[in-house]
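In what follows, a structure is listed as structure tokens, so that the remarks can point back to it.
What follows is calculated from the coordinates using simple rules that are stated; it is not laboratory data. Everything numeric here is computed off the predicted structure, so don't read it as measured data. Because the Cβ atoms are built from the backbone with ideal geometry, glycine has one as well, and the counts that use them run over all protein chains shown.
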Amino acid sequence: MALQTLTAQHPLLMNRRMAARLRGNDLVSQATFGLTCSCGFAGEDPLPAAFPDLAPLSVAEAEAFLATQCAPDVRRRCPDCAKAAPVDAARLFLWSQHAGADVILERVNEVPCWRSASGNPPLEPLSREHKSVKAALADQLLRAAGFLVALPGGADHMSLVTTAAALLPDSALPRLAHARFALVAGDEATALESLRAAAGSADGSAPACRQLGALLAELALRHQDGELLNRALDWLDQALSLDPGHPGTSLVVGRLFVSTGNYADALEHLALASAEKELALDADHLRGVALLQLGRADESLQVFESLAERHPEDLDVLRMRAWTRAKSGDKTGARAELEQLAAAHPEDEETQTFRALLEEDEDAAPR
Ligand SMILES: [Zn+2]
């Protein structure tokens, strides 16, 4: 058998546990493979393969997928000698939002086996009918739908959501996915209906409360609807009380406060989100805007200077750095920065707008 013994300390399992806090159900499924190479290597290649669009509609389909990955003619690169080596075992890690842990499908000696990475003892075998296996499949269908909807050609992501909802009739997550896709398609009536249905089963689940709050906030801002806004804030409050300081929730709340002019309250949430590397660009940009609106132009300039160091190609950041420079009293420096930007990107109309605004009226913030 060419796989490392699976323990809770398996490196990929540990990495995925950490990444899941930020990505939630967007954590892409990965697989590792056991190889036996002619060079003498026999073991698990630690480098995983990713399967974002995997959409097994049943337990049998998931098992069949892994079987094809281990078929006799399949070869993968040996981590020792880089030659093509036959695959004799595999492990598929499916993040289950519902279990808050990976559900793992192993295939060793041509025998599939499901395992739970939560549970007690950890990594216990699961029957194929176990509710965790069903939930992991449903979560995977929702992930695949999110991946497919972004691809041109319009794969049938809605049918995956419907299958997921049938697997998990009591969960808010399939309904929230349904609402999100309806919003993307411009169908607000359907989105609102799905959000109403999701609200019936979101209580007590931080990811569901967060998604519900974020989607309601999007609709509230689109229509300047105060009642929707309050409902959004209630759900986000519940998400934060279930999972305090969650960076993703903090970013949603911070952005909502900036959009509604509540700049002072936004700062604390944005600082929490900014501590997470993947969210720092968005969080710091909003923090800079909030500081500027609060009349703290010098601090805002510091934020955009630091952002410009980390993202020297980001035109939004560079324009805002120039703008806050002007607001903190250095109009000449700001003008020079915008001229430089305009010379480097003559096609960029936004930079021209900033230049005009700078000359006209320094108090007219462009956003
Ligand atoms: Zn080799």
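Given their separation in residues at 0.36 nm each and the Cα-Cα distance between them, ASP156 and ALA67 gain 29.6 nm when the chain is fully extended.
For CYS81, CYS70, the sequence from fewest to most other C-beta atoms within 10 Å is CYS81, CYS70. This model, with +1 at the C-beta of Lys and Arg and -1 at the C-beta of Asp and Glu, gives the stretch 293-348 a dipole about its Cα centre of some 280 debye.
Projecting the Cα positions of LEU168, ALA82, PHE41 onto the charge dipole of the chain (unit charges on Cβ atoms of Lys, Arg, Asp and Glu, taken about the Cα centre) puts PHE41 furthest along the positive direction.
Diagonalising the gyration tensor over the Cα atoms of the chain and scaling each eigenvalue by 5 before taking the square root yields semi-axes of 44, 27, 18 Å, largest first.
Sorting GLU359, GLU299 from the fewest to the most surrounding beta carbons within 10 angstrom yields GLU359, GLU299. With a Förster radius of 56 Å applied to the C-beta separation of VAL74 and ASP298, the computed FRET efficiency comes to 0.40. Put in order of Cβ neighbour count within 10 Å, fewest first, the listed residues MET18, MET320, MET158 become MET18, MET158, MET320. Residues with beta-carbon under 14 Å from that of LEU233, excluding LEU233: net charge, scoring Lys, Arg +1 and Asp, Glu -1? Every neighbour counted, the sum reads -3. The residue list PRO52, SER259, HIS311 was ranked by how far each Cα lies along the charge dipole of the chain toward its positive end, using unit charges on Cβ atoms, and PRO52 comes out on top.
Of the residues SER127, ILE104, GLN140, the one whose Cα sits farthest towards the positive end of the charge dipole of the stretch 72-142 is GLN140 (charges of +1 on Lys and Arg Cβ, -1 on Asp and Glu Cβ, taken about the Cα centre). Taking every DSSP helix (H) stretch of at least 4 residues in the chain, weighting each as -39,500 (n - 2.57) and dividing the sum by the residue count yields a mean residue ellipticity at 222 nm of -18000 deg cm²/dmol. Given in Å, the Rg to one decimal and the Dmax to the nearest whole number for the Cα atoms of the stretch 183-277 are 13.0, 37. Between GLU193 and GLU347, take the C-beta separation as r, use R0 = 35 Å, and let me know the FRET efficiency to the nearest 0.05. FRET efficiency, GLU193 to GLU347: 0.25. Summing Cβ point charges (Lys, Arg +1; Asp, Glu -1) relative to the Cα centre of the stretch 11-132 gives a dipole of roughly 340 debye.
Rounded to the nearest 20, the size of the Cβ-charge dipole of the chain about its Cα centre is 1160 debye, with Lys and Arg at +1 and Asp and Glu at -1. Shown for the chain: cysteine residues without a partner Cβ closer than 4.7 Å, namely CYS70, CYS113, CYS209. Computed from the alpha carbon positions, the gyration tensor of the stretch 11-132 leads to an equivalent ellipsoid with semi-axes of 25, 16, 13 Å, biggest first.
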